[in-house]
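Right, one structure below, let's go through it.
Each value in this text was obtained by applying a stated rule to the coordinates, not by laboratory testing. Note that this is a predicted model, so its numbers are computed, not measured. Glycine gets a Cβ as well: all are built from the backbone with ideal geometry, and neighbour counts include every protein chain shown.
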Amino acid sequence: MKRSTDRFLTTHTGSLPRPADLIRMMHAKEEGVPVDAAALERRVAAAVAEVVQKQAASGVDVVNDGEMSKPSYATYIKDRLAGFGGTGNTFVYQDLAEFPALAKRVFGDPGRSRRKTPACNAPISVRDPKAAGIDVEHLKAAVATVGVQDTFLTAASPGVVSLFFRNEHYPTEEAYVFAIADAMRHEYETIAKAGVVLQIDCPDLGMGRHIQYADLPLAEWRRKAQMHVEALNHATANIPPEQLRMHLCWGNYEGPHHCDVALADVIDVVFRARPSAIALEAANPRHAHEWKLFETVKLPEGKLLIPGVIESKTNFVEHPELVAQRIGRYATLVGRENVMAGSDCGFGTWVGQAAVDPDVVWAKMAAMAEGARIASREFWKR
């Protein structure tokens with residue numbers, strides 16, 4: 001994994017705006033409408049090439065495929081793993097429960113409202129062993145003629161899969177999460193063996209608190225979170241930590257978020273995870289203050305922070321000077337070489353999600369790149 005050695009590198013969380021025609025094809029597939037598989041794969045490959053070009057043009061250094069092949073960062077696993085044929089899950093967001101009109105709007109999002117989350121009702125196994133390799137091929141083909149610093153691909157954590165897909169088969173929650181971990185190992189290792197950085201998305205360590213375990217005391221939830229980290233570590237045991245990054249997320253929706261667990265209450269658990277890089281929300285109004293935590297909490301040796309310096313839920317384009325300030329706060333506390341600029345979350349979490357206008361996304365990315373250049377001049381005096 002590349003580090004910021006002579007300037008602050010830039011990246012993002014994963015999902016990016018998809019072309020309208022690809023959205024229509026993927027919605028049709030999700031609804032069970034027959035879709036020409038070869039035509040869909042060709043369109044995904046072309047979309048990956050397009051989105052890599054846009055990332056590079058916007059000044060993003062560490063790029064990915066924008067999750068073009070996936071209906072979402074987590075629910076895609078139902079197409080790659082066997083064992084998920086039960087009834088769909090329902091979700092209660094603790095913060096939105098207090099604001100029913102807003103909840104209706106959030107859950108009515110054209111992307112979120114279409115998500116499919118069938119329960120696990122049979123032993124889990126790998127159903128499509130080729131899918132992750134195809135993602136790698138599309139990304140490598142796309143970056144072959146583009147000048148970027150590094151590449152990454154995202155994959156769901158065992159814990160977040162257990163959040164979205166209810167267990168109707170395994171005797172205990174721990175058995176279920178570790179069964180997911182064993183099955184996800186194939187995808188993780190396929191990406192890593194190809195020389196691509198693997199980012200594991202871990203909203204279960206943030207959002208899981210107010211969705212999956214809102215009724216538990218904090219101490220008991222922390223034990224659940226630790227079990228999720230142990231499963232993640234089990235699944236990635238054969239991958240070097242420096243080839244791994246993880247994304248800590250409290251839910252990519254424009255809600256009150258006043259029930260979000262504090263970073264201070266989970267950071268020690270997160271530090272026990274094997275990935276060397278930690279991407280976290282740091283730009284939105286609920287978490288922007290948490291940079292101060294690192295005044296008293298020491299970043300472990302070898303770890304790298306990827307704080308969000310642009311947020312992913314509104315159409316404000318951050319001023320580059322603000323971006324530079326945000327980068328600088330972290331760099332001052334943990335060291336310039338231990339910071340990479342990123343986004344709070346994705347910009348296409350669910351296919352068709354429409355929170356941020358696609359053109360604004362690229363304006364935000366360009367603002368991040370400019371802010372990183374400003375901060376680099378300050379911290380490297382060049």
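Things worth noting here:
- Across L248, L22, L198, mean-square fluctuation computed from a Gaussian network of the chain (C-alpha pairs under 10 Å connected) peaks at L22.
- Whether region 248-376 is rounded, prolate or oblate, judged on the alpha carbon gyration tensor where a/c under 1.5 counts as rounded: oblate
- Residue exposure sequence - H257, H289 - by fewest surrounding Cβ within 10 Å: H289, H257
- Shape of the chain, Cα gyration tensor, a/c cut at 1.5: rounded
- 222 nm mean residue ellipticity, helices alone, for the chain (DSSP H n ≥ 4; -39,500 (n - 2.57); rounded to 500): -12500 deg cm²/dmol
- Charge sum, other residues only, whose C-beta stays under 14 Å from K364's C-beta, Lys/Arg counted +1 and Asp/Glu -1: -3
- Hydrophobic, long helices, defined as DSSP H runs whose alpha-carbon span along the helix axis is 27 Å or greater and whose mean Kyte-Doolittle value is at least 0.0, occur in the chain at 37-57, 358-380.
- The gain in end-to-end length when the Q53 to V92 segment is fully stretched comes to 10.2 nm, 0.36 nm per residue minus the alpha carbon separation.
- Rel. contact order, % - alpha carbon contacts under 8 angstrom, at least six apart, region 20-380: 17
- Annotation: the antiparallel percentage among DSSP beta bridges lying fully within the chain is about 15.
- Residues of type aspartates and glutamates that K130 reaches as a straight line, Cα spacing below 14 Å, ignoring anything fewer than 8 places off in the same chain: E41, D79, E187, E189
- Backbone phi angles across region 277-285, fed through the Karplus curve with coefficients 6.51, -1.76 and 1.60 (θ = phi - 60°), yield HN-Hα couplings of 10, 10, 8, 9, 6, 8, 10, 6, x Hz in residue order; Gly and Pro are listed as x.
- Across region 355-375, the residues whose backbone nitrogen lies under 14 Å from the label position 7 Å along the beta-carbon direction of K2 are 369, 373.
- Selected from F152, F316, F164 as most flexible by GNM, with the chain as the system and alpha-carbon contacts under 10 Å: F316
- Summed side-chain charge close to I278 - residues other than I278 whose Cβ falls under 9 Å, Lys, Arg +1, Asp, Glu -1: +2
- By the count of other C-beta atoms within 10 Å, a proxy for reagent exposure, Y330, Y170 are ordered fewest to most as Y170, Y330.
- FRET efficiency for the Q226 to K104 pair, using the beta carbon distance and R₀ = 41 Å, is estimated at 0.70.
- Oblate is the label for region 210-305. Its Cα gyration tensor axes, ordered a ≥ b ≥ c, give a/c of at least 1.5 and b/c at or above a/b.
- Taking Lys and Arg as +1 and Asp and Glu as -1, the other residues whose beta-carbon sits under 13 Å from that of R127 total 0.
- Sorted by Cβ neighbour density within 10 Å, fewest at the top, the residues S276, S157: S276, S157
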